[in-house]
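Read the figures in this text as sums done on the coordinates, not as results from a lab. The shown structure was predicted, so the numbers you read here are calculated from the model rather than taken from an experiment. Here the Cβ positions follow ideal geometry from the backbone for every residue, glycine too, while neighbour counts run over all protein chains shown.
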Amino acid sequence: MSHLLEVNDLEVKFGLRQGDLTAINGISFNLDKGERMGLVGESGAGKSVTGFAIINLISKPGFISGGRVIFNGQDLAALSEEAMREIRGNHISMIFQDPMMTLNPVLTIGTQMVETLQAHRRITRPEAEAIALEKLKKVQIPSPEKRLAQYPHEFSGGMRQRIVIAIALITDPEIIIADEPTTALDVTIQAEIMDLLQQLCESEDTGLILITHDLGVVSQVTEKIAVMYAGKIVESGLTDRVVNNPKHPYTQGLIKALPGSLQPGARLNQIPGMMPTLTDIPPGCAFNPRCPLCETICRNQEPPFIPVDHLTRMVACHMVKPDPSMGTR
Amino acid sequence: MTTEQPNQMKTDENGLLALKQVVKHFDISGGLLDRLRLEKGKLRHRRTTVKAVNNVSFTIAPGETFSVVGESGCGKSTLARTTLGIYPPNSGRILYRGERIDNKNGQQMLPFRRKMQMIFQDPYASLNPRKTVMQTLEEPVVFHNPSISADQVKDRVAAVMSQVGVDPKWAARYPHEFSGGQRQRISIARALMVDPEFIVADEPVSALDVSIQAQILNLLMDAQAQRGLTYMFITHDLSVVEHISNRVAVMYLGTLCELSPAKSLFESPRHPYTQALLSAIPKLGRKKSGHVKLKGEVPTPINLPGGCVFHGRCIYANPRCAEEVPEARTVENKVIVACHAVEEARI
């Protein structure tokens, strides 16, 4: 069965004077139509670079050095810039963290929405405006007719992010990549925006890749999850299962480090040390210096990313043994 | 530290620190021409003020962790700075161990400054990039004890550095050589250098990753246990608040809505705004959020709504809420709520 989006062994490097720096080191995942997936990890884990790599937006000195991104049977990593423009924003759109940076401050919302549509379709301005209006209603902006003629600074942060979502949806894409869409927003606004995003993805059957550091948000919105550490996926599976029963020591540490899982006032479980910088990733498993289960093999040999149960769970750790019923591997 | 302990006064009902009806407004009206308006054919002189903190009162007991929560723009950082005397309040009183500190001049404030320290949010912005860790850490000690010997200073720096988990042999390094989490440790060390009693921490872990955040929160809790510190913790992250606080104050548009012991606030929030805020926290493994939806948006603190500041967005609002400012009342054991609906037992 082929998936809507298949990322196979994707590798992204940044060419520096001292040599190439590997930002993404062979990651694989897939997304079906209407599926919502969370990509979580700490800063520098490579989540955002993965998002950019999917739509081939890695800018110099970065480049995709290996692997494939197959969308509807086409390899996006090998597509020409012109052909890519047909996909980007049309079939796959992206939402960024800061809505004020995404929107052009000197153009009205209406113009920006119409521009997006006209870039992808042969369509007259009145037709485009009608679609823009319909999308603004969908993201629940009050009095949308009036709002179309306004500039970004006339909106609040939450409203701006709604507009960004409306623009992302305007071409009816199959996949939305949302990179920390609510990190800049307050918690009550965040809850509204996440509800809206989830609801729209459900009603339009749009796939969602939600990039965030917030495990709480991911567990509310997504069906599956991939946890990244130092440029690799260390664990993936169904969100419920991974969050409630993490297998990789890093995922376990991350979840235990959240306040709220413990009695108030108790010491939090901390992961010692910090994530290695890309220039000095330790040999073997990248997590080994911080891992409580580390053994000799972890320092010498990179763990394979293998399925460990029948429920699509995959883990890259020497210490996690596959479910016995999985047979010998 | 050797010098005299500042007035070991009774910590009576005023606690360690007390705010009484503190008001802080900022005049943003600009130059004369900006202040002139044409109204009904007449030229009028109008001032524009941001009403950041309005009539806030509370007491912090020694040794407790007192958290202030609220969304951006609710005045929590202004409250923190006003508490420390960085901003003079427009009216109201601030008492430290029963002594008024809001009307003191710089010289008179000095002994209090040593007892009250602050930790900031962004460890990249709060450390001077041109000073080594040693220079950053020794400055407050030398400033407050000019007679201290160089060896003593060095020993103190080393002791505090090891307490916060930064190797003392890195004292000669500059901030850019450290990661975000380590910089925040250095910021904490700077606050601890003068042996304070009271620390205001303004979003100390918001800029950090989850695994580092846990390290810093543990460090803050350890320092409190070892030194008997009192914290005023400003944050928007409610799960952090639930974990570390004894009491929590919820602010909305510069006003205190609710002040409760942390346990009862998170178990049974009383104020409608607190209820909405708590229901919006994304929790692990909790599927559909089902949060309380607030209508409308936060009004600006320039044109504060009349009556209860929350009435425009509150589902329980009635005509009285639009007219009359609700008073903060103790509804039961240590739970203080400012809401007409709670007072009238409508919720």
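For segment B:12-41, the residues whose amide N sits under 17 Å from a probe point set 7 Å from the Cα of residue B:57 along the beta carbon direction are B:12-24. Residues B:26, B:143, B:310 in ascending order of nearby Cβ atoms (within 10 Å, fewest first): B:143, B:26, B:310. Taking 20 Å as the cut-off, no amide N atom of segment B:301-337 comes nearer than this to a point 7 Å along the Cα-to-beta-carbon line of residue B:42. Modelled spin-label separation between residue B:21 and residue A:310, with each label point placed 7 Å from Cα along the Cα-to-Cβ direction: 7.2 nm.
Near residue A:176: Cβ cut-off under 11 Å, other residues only, Lys/Arg at +1 and Asp/Glu at -1. The net charge is -3. Of the GluC sites (Glu not before Pro) found in segment B:58-147, no site is in coil according to DSSP while having at most 11 other Cβ atoms within 10 Å of its Cβ. Segment A:192-271 and segment A:1-42 have Cα centres separated by 18 Å. In chain B, the longest principal axis of the Cα atoms and the axis of helix B:106-115 are about 80 degrees apart. For segment A:188-285, what value does the Rg/Rh ratio take when both radii are computed over Cα atoms and Rh is the Kirkwood radius, given to two decimals? Here Rg/Rh amounts to 1.01. Of the trypsin sites (Lys or Arg not before Pro) found in segment B:274-347, those that fall in a DSSP loop while having at most 16 other beta-carbon atoms within 10 Å are B:283, B:286, B:287, B:288, B:293, B:295, B:334, B:346.
Counting, for every residue in B:274-284, the Cβ atoms of other protein chains within 10 Å of its Cβ and taking the mean gives 5.
Each other residue within a Cβ distance under 13 Å of residue A:47 adds +1 if Lys or Arg and -1 if Asp or Glu, for a net charge of -4.
Of the Cα atoms belonging to segment A:50-195, the radius of gyration and Dmax stand at 15.9, 48 Å. Using R0 = 60 Å, the C-beta based FRET efficiency linking residue A:20 and residue B:99 works out to 0.45. The mean number of Cβ atoms from other chains found within 10 Å of a Cβ in peptide A:149-162 is 1, as a whole number.
How large is the translational diffusion coefficient of segment B:280-347 in µm² per second when you combine the Kirkwood radius over alpha carbon pairs with Stokes-Einstein at 20 °C and 1.002 mPa s? Calculated translational D: 154 µm²/s. If you take all other residues with their beta carbon under 14 Å from the beta carbon of residue B:26, and give Lys and Arg +1 and Asp and Glu -1, the sum is +3.
Report the trypsin sites (Lys or Arg not before Pro) located in segment A:1-48 that are in a DSSP loop and have at most 15 other Cβ atoms inside 10 Å of their Cβ, or state none.
The qualifying sites are A:17, A:33.
Under the simplified labelling scheme, the residue B:143-residue B:33 pair shows an inter-label distance of 3.9 nm, with each label point 7 Å from Cα along Cα→Cβ.
Normalised by the number of residues in segment A:103-170, the mean separation of alpha-carbon contacts (under 8 Å, six or more apart) gives a relative contact order of 46 percent. The shape of segment A:103-170 can be summarised by an equivalent ellipsoid whose semi-axes, obtained from the alpha carbon gyration tensor, come to 18, 12, 11 Å from longest to shortest. For the residue pairs B:24/B:76; A:47/B:283; B:20/B:76; A:13/A:47; A:13/A:60, the alpha carbons lie more than 18 Å apart in A:47/B:283. Compared with the dominant principal axis of the Cα atoms in chain A, helix A:109-120 is inclined by about 70°.
On the principal axes of its alpha-carbon atoms, chain A has extents of 67, 50, 43 Å, going from largest to smallest. Compactness check for the protein assembly as shown: Cα Rg over 2.2 N^0.38 Å is 1.04. Centre-to-centre, using Cα atoms only, segment B:36-105 and segment B:152-183 are separated by 35 Å. Across segment B:256-334, the mean sequence separation of Cα contacts (distance under 8 Å, 6 or more residues apart), normalised by length, yields a relative contact order of 26 percent. Share of pairwise Cα-Cα distances greater than 34 Å in chain B is 32 percent (whole percent).
Shielding by partners for peptide A:269-275, expressed as the average number of C-beta atoms from other protein chains within 10 Å of each residue's C-beta, is 5. Per-residue ellipticity at 222 nm, computed for chain A from helices alone with -39500 (n - 2.57) per DSSP H run of at least four residues, works out to -9000 deg cm²/dmol.
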